[in-house]
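What follows is a set of notes on a single structure, which appears directly below.
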Amino acid sequence: MKAFATILGLGLLAACSQQPAPGNTATDNAHGGMSHDAMTTPMAGDSDATRGFKQSMADMMTKAPPYTGDADVDFMQQMRVHHVAAVAMARTELTHGKDAEARALAQAVIDTQQKEIGQIDRWLRQRVPAGR
């Protein structure tokens, strides 16, 4: 479980910009990146796209189920939340982005992640009792 938490943490760090975007009023943390609050809390100067990205990050952080201690179940449940956030971010890109390559990648993310969410849901239905 520690390895998964490390991987998830590294993934979140990679998702954090090392510098605020132009016009972003977020303050830097001690590690040179954006603070957790700045990553998830809408601010007055945020664009609609930034608000969408921040909402997807906030949802990922707040909607993750508690860990069960079962590595397989924890991986699948946490990865599902991660995939849902990726789909939300990609939809934000499709709504607000203009670059053809970025938009194509966003659509590919949606297609791939939704397929994997279905796979995860089937796996969880087969192995996790309702209410757990």
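The values are calculated or read from the model by the stated rules, or taken from the named source; none is laboratory data. Being a predicted model, the structure only gives us computed values, none of them experimental. Neighbour counts run over all protein chains shown; Cβ positions are idealised from the backbone, glycine included.
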query = Just to be sure, is Pro42 surrounded by 12 or more Cβ atoms within 10 Å (Cβ to Cβ), under 30 Å from Pro129 (Cα atoms) and either at pLDDT 60 or above or of a type in the set (Lys, Arg) (or both)?
reply = no
inquiry  = Would you confirm, using the coordinates I've provided, whether Asp111 is of a type in the set (D, E, K, R), surrounded by fewer than 15 Cβ atoms within 10 Å (Cβ to Cβ), under 26 Å from Asp48 (Cβ atoms) and out of contact with any helix residue (DSSP H, G or I) (no Cβ under 6 Å at 6 or more places or on another chain)?
reply    = yes
request  = Assess whether Ala86 counts as being under 17 Å from the mean Cα position of the chain (by Cα) and under 19 Å from Ala58 (Cα atoms).
outcome  = yes
query = Of Thr62, Thr68, Thr95, Thr50, which residue is surrounded by fewer than 13 Cβ atoms within 10 Å (Cβ to Cβ), touching a residue at least 24 places away in the same chain (Cβ under 8 Å) and of a type in the set (Val, Ile, Thr)?
reply = Thr95
Failed condition for Gln107, given (1) over 24 Å from Thr41 (Cα atoms); (2) in contact (Cβ under 8 Å) with a residue 60 or more places away in the chain; (3) in a helix (DSSP H, G or I) = (2)
